[in-house]
């Protein structure tokens, strides 16, 4: 059955909900088996974890926040890039995140992360290129900031926060996903530059 309008976006949301809810509520071992883990990648060569980890979340707030963000931004990006282009951005961001996260944490075999933030970051930054002046609101702040400024701040903050707070948040994954989203969008749609400067 094809989902209307933005099938890949909605399919990703459903897949994340099913996998994350199952892992959070019924089988924590399932999460451990498919989360991003440096030791599992380096020793057991379980490279699939780069992608499977993006369908799992550490708690329900983490899941809800990521899926709401994907729900708001995904359909617009998918309609502009097409379903194939959207998937290139999403999973390209996931792959870039996995490569950078592995490199940054390569000496810590216990390092583990999970969540769709990497792919979602790529989609949000792609949106920022197409809609640079669209207001983006976050948390409880009532005033939106232009999307292009949000994108710049997001990248700068992620870069600045890497390695802080004991690695509780994978800022390197957010950074890599965001940059991949920008690069892949520009490669597929060079005319997006006119959206920014036009």
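Just so you know, all these numbers are worked out from the coordinates, no wet-lab data involved. These numbers were taken from a predicted model, which means no experiment stands behind them. No Cβ is skipped: glycine too gets one built from the backbone with ideal geometry, and neighbour counts run over all protein chains shown.
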Extension gain from residue 193 to residue 42, taking 0.36 nm per residue of separation minus the Cα-Cα distance: 50.5 nm
Relative contact order, percent, the chain [alpha-carbon distance under 8 Å, six or more residues apart]: 24
Volume per residue that the Cα convex hull of the chain spans, once the total is divided by residue count, Å³: 126
In degrees, nearest ten, helix 60-104 long axis to first principal axis of the chain (Cα): 40
Per residue, the convex hull volume that the Cα atoms of the stretch 5-90 enclose (Å³): 86
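On full extension of the chain, what length is gained from residue 186 through residue 103, given 0.36 nm per residue of separation minus the C-alpha to C-alpha distance?
27.4 nm
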Modelled FRET efficiency - R0 25 Å, residue 51 with residue 133, Cβ distances, 0.05 increments: 0.15
Gained length - residue 71 relative to residue 59, 0.36 nm times residue gap less alpha-carbon distance: 2.5 nm
